[in-house]
Amino acid sequence: MTKDAQDAPKSEIIPTGAGEARITWHPAPGGTARLLLAVSHGAGGGIEARDLRAIAAELPAHGVSVALVEQPWRVAGKKLAPAPKTLDTGWRGIWPALEKKGLPVISGGRSAGARVACRTATELGAAAVLALSFPLHPPGKPEKSRADELLGAGVPTLVVQGGNDPFGKPAEFPEGAYDLVEIPFGDHGFAVPKRADIGQDEAVKRITDGVARWAGMLGG
């Protein structure tokens, strides 16, 4: 097998207590990985999200292998995400497959997936957490804060948040032991309006640059 073939993305079905999950591996080239970032989707979409696709394409060149994780409900073709405890069960179930790679694991996700990563990080022994579009509160309901999940992650954490995210703008986030990268004008999916001072490509580049810079400061 050629080196290019070894480094090509591969998908794998993983049985979990919540059903079958799917991992699509994006390895760092030529065995250069020093970290593994496992990142999952939110409740309203899959791994085709623009931020997840960009991270999987960019981070391997920085020595970070990426595992895009599809939760069992998505693999089963369901349209609605299950309860948080079921999402956590699915995430726990894929962890042994991640640990087999022998690398420190960054537990990550976007939106609901970010909440899962925060809730389970200490329990699973994650090296760090990447929270993309963390849903600090439901839209229009800032009193229903989920800050305790973010602040309770217990490991180095990076939040990447759109400046106009209705689930929580950067200024709404509490002080705490985490880093935050703001994507100006971005909504919950990091889409920016045409009138914005930055284009969509620049917004996505700020996501990948921020994650690569932060990952570069982690041990591994």
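Looking across Gly77, Gly45, Gly90, one residue alone is farther than 15 Å from His26 by Cα and buried (at least 21 other Cβ atoms within 10 Å of the Cβ). It is Gly90.
For Ser65, indicate whether it is open to solvent by less than 20 Å² (accessible area, probe 1.4 Å) and either of a type outside the set (Gly, Ala, Ser) or in contact with a Gly (Cβ under 9 Å, 6 or more places away or on another chain) (or both). When the stated conditions are applied, Ser65 does not pass them.
Please tell me if Arg110 is open to solvent by 10 Å² or more (accessible area, probe 1.4 Å), out of contact with any strand residue (DSSP E or B) (no Cβ under 7 Å at 6 or more places or on another chain), closer than 28 Å to Arg206 by Cβ and not hydrophobic (A, V, I, L, M, F, W, C). Give the steps one after another, and end with the answer.
Numbers: open to solvent by 10 Å² or more (accessible area, probe 1.4 Å): yes; out of contact with any strand residue (DSSP E or B) (no Cβ under 7 Å at 6 or more places or on another chain): no; closer than 28 Å to Arg206 by Cβ: yes; not hydrophobic (A, V, I, L, M, F, W, C): yes.
For Arg110, the condition - open to solvent by 10 Å² or more (accessible area, probe 1.4 Å), out of contact with any strand residue (DSSP E or B) (no Cβ under 7 Å at 6 or more places or on another chain), closer than 28 Å to Arg206 by Cβ and not hydrophobic (A, V, I, L, M, F, W, C) - is not met.
Looking for whichever is surrounded by fewer than 18 Cβ atoms within 10 Å (Cβ to Cβ), within 25 Å of Gly17 (Cα to Cα), modelled with pLDDT of 95 or more and more than 13 Å from the chain's Cα centre (by Cα) here; the options are Lys141, Lys101. Which one fits? Break it down into steps so the answer makes sense when it comes.
Values: Lys141 fails: within 25 Å of Gly17 (Cα to Cα).
Criteria check complete, one pass: Lys101.
Between Leu36, Leu59, the distinction of being modelled with pLDDT of 95 or more, within 26 Å of Gln200 (Cα to Cα), within 14 Å of the chain's Cα centre (by Cα) and open to solvent by less than 20 Å² (accessible area, probe 1.4 Å) belongs to Leu59 only.
Scan the stretch 177-220 for residues that are among the small types (Gly, Ala, Ser), modelled with pLDDT of 95 or more and open to solvent by 20 Å² or more (accessible area, probe 1.4 Å) and the total you get is 4. A residue that is under 20 Å from Ala8 (Cα atoms) and free of Cβ contacts under 8 Å to residues at least 60 places away in the same chain can be found somewhere in the stretch 102-112. When you check Ile47 against the structure, is it over 24 Å from Gly210 (Cα atoms), β-branched (Val, Ile, Thr) and in contact with an Asp or Glu (Cβ under 7 Å, 6 or more places away or on another chain), yes or no? No, not satisfied.
The values are calculated or read from the model by the stated rules, or taken from the named source; none is laboratory data. Not measured: the values here are computed from a predicted model. Please note: Cβ atoms are built from the backbone with ideal geometry, for glycine as well, and neighbour counts cover all protein chains shown. Areas reflect the complete protein model, heavy atoms only, side chains present, ligands, DNA and RNA absent. Shrake-Rupley method; radii C 1.70, N 1.55, O 1.52, S 1.80 Å.
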